[in-house]
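Chemist: I'd like to ask some things about the structure below.
The values are calculated or read from the model by the stated rules, or taken from the named source; none is laboratory data. What you see is a predicted model; the values in this text were computed from it and never measured. Every residue, glycine among them, receives a Cβ derived from its backbone with ideal geometry; neighbour counts consider all protein chains shown.
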Amino acid sequence: MNVSAESDPWDGTSAVEPPLVPGGTPLDHCHHGTLWWKLKVLGAMALIACGVARFLLDVPPAVVVPIPAAQILVLIGGGTVFTHYGLLKRRRGRFDHPEALLTRGGLFSVVRHPMYLGDALMDLGFALLAGTWLAFGIYGLCLVALGLQARVEDRHLAERFPEAHRHWSLHTGLLWPLRAVRGASPSPPRS
C-alpha cells in the first residue's frame, strides 16, 4: 500500500483505506475503531440530552439515584479519562503510532484501556442522572461501542508490540481491572 507522507492511514483522514485487522469481523474494520468512537461519543451526548430533558421537561425518573452519587461517577470517570490521556501523551507521543507499549502508570498495570473504563463510569453517571429506561438503553449501546473499540485497538497494539502485549494481556483486563478480580500479580516477561 502506497501512502504519501501527508496521509496517515491510522488517523481516519486518509484517502487510503486502513489495512484490515487480522481475525476481526467486518464491523471491527470500520476505520480501526472510528465508527465505535463516534457511536460512543454520540451515545454520551444522547445521555447528557436525556438528563437535561429529565430536568427541563420534568420527566419522572424510572430509577431514582441520589444526584451526588451520579455526579461522583461522572467526576471519577472524567478524571480517569484525563489522567490517562496525559500519561499517554507524555510517555508515547502520538496515539496512532505509539513508540512503546505503556503498561505501567495509572491504571495501565491492571486494565489495558483505562480511558474507556473512565468513559463507562462517566456514561453510567449520566444515565443515572437521567434515570430513564431510554438512558439505560443508550448506556448499554455505549458499553457495546466501548468494548468493540477497545478490541480493535487491542488488536492493533498486539500487532505492533506482540511480545509485550501478550504478557500484558495475561495480567490485565480489557476494560475492567482483571488483576484486582483474580488476585494475580504480574511477573516480568522471560527473556
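Chemist: Any idea which of S191, S109 is among the small types (G, A, S), more than 30 Å from I48 (Cα to Cα), outside any helix (DSSP H, G or I) and modelled with pLDDT of 85 or more? Full working, then the answer.
Modeler: Details: S191 fails: modelled with pLDDT of 85 or more.
When all the criteria are applied, what remains is S109.
Chemist: Let me ask you something else. Looking at the stretch 107-139, which of its residues are under 14 Å from L175 (Cα atoms) and of a type in the set (G, A, S)?
Modeler: Selection gives S109, G118, A120.
Chemist: Within the group V64, V74, which residue is under 29 Å from F136 (Cα atoms), at pLDDT 90 or above and not aromatic (F, W, Y)?
Modeler: Of V64, V74, the one residue that is under 29 Å from F136 (Cα atoms), at pLDDT 90 or above and not aromatic (F, W, Y) is V74.
Chemist: Then there's this: Is the stretch 79-89 home to any residue that is of a type in the set (A, V, I, L, M, F, W, C) and farther than 30 Å from A158 by Cβ?
Modeler: No, the stretch 79-89 contains no residue that is of a type in the set (A, V, I, L, M, F, W, C) and farther than 30 Å from A158 by Cβ.
Chemist: Quick one: what pairs do we get from the stretch 114-130, first residue buried (at least 24 other Cβ atoms within 10 Å of the Cβ), second of a type in the set (K, R), C-beta under 7 Å, 6+ apart or different chains?
Modeler: If the second residue must be of a type in the set (K, R), the pairs left are D119/K40; A130/R54.
Chemist: Then there is this: Could you tell me which numbered condition S14 fails, if it satisfies all but one of (1) outside any loop (DSSP other than H, G, I, E, B); (2) at pLDDT below 65?
Modeler: (1)
Chemist: Scan (1) within 17 Å of the chain's Cα centre (by Cα); (2) surrounded by 15 or more Cβ atoms within 10 Å (Cβ to Cβ); (3) farther than 30 Å from A158 by Cα for the single condition L75 breaks and write down its number.
Modeler: Result: L75 passes all but (2).
Chemist: Any residue in the stretch 137-165 that's free of Cβ contacts under 8 Å to residues at least 12 places away in the same chain: show its pairings with residues that are of a type outside the set (D, E, K, R) at Cβ separation under 6 Å, as long as the two are six or more apart or on different chains.
Modeler: Partner pairs satisfying both residue conditions: A158/H165.
Chemist: Let me ask another. For a quick check of your reading of the model, give me the residue pairs whose first member lies in the stretch 70-83 and is touching a residue at least 24 places away in the same chain (Cβ under 8 Å), whose second is of a type in the set (D, E, K, R), with beta-carbon atoms closer than 7 Å and at least 6 apart or on different chains.
Modeler: Listed pairs, sorted by first residue: G77/D119; V81/D119.
Chemist: Please count how many residues of the stretch 53-93 are under 15 Å from L124 (Cα atoms), among the β-branched types (V, I, T) and outside any helix (DSSP H, G or I).
Modeler: So the count comes out to 3.
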